[in-house]
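Only one structure is covered here, and it is reproduced in the block below.
Coordinate-derived values only; no laboratory data. Here the structure is a predicted model, which means the values were calculated and not measured.
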Amino acid sequence: MSSGQESVFPEYETDTSQTSKLLRKFKETPFVPIGMAGFATVVGYGLYRLKHRGDMKMSLHLIHMRVAAQGFVVGAITCGVLYSMFREYVMKPKE
C-alpha cells in the first residue's frame, strides 16, 4: 500500500495484535468465550469420568458427553442472542 492511499478498513489496522482483536471480539460477544469454556469443561470432566464409568458402555458415555457439551454451547448461544436482543431493543433509547 502506498503512503498516499487511505486505508479501506482503518479500525482493523489500528489493532495489529491478535490478542487485541480477540479481546475486542470477546467484549462484543461475551457469550462466545463462555460457551467455549463450558464446552472444554464438559469434555474435560467427561474424559476424567471415563475411568470411573462402571458398567456403562464407552459409546453410551461418549454420546452423553457429546450431548452435554452441545447443550452447553447451544445454551450459551441462546443466552447471547437474548442478551443482544435485550440490549438492542429494550435498553436502546427511543428515537
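Given an 8 Å cut-off on Cα distances and at least 6 residues of separation, report the relative contact order of the stretch 22-92 as a percent.
45
By how many nm would the segment from residue 92 to residue 47 lengthen if fully extended, with 0.36 nm per residue of separation less the alpha-carbon distance?
Extra length from residue 92 to residue 47 when fully extended: 11.8 nm.
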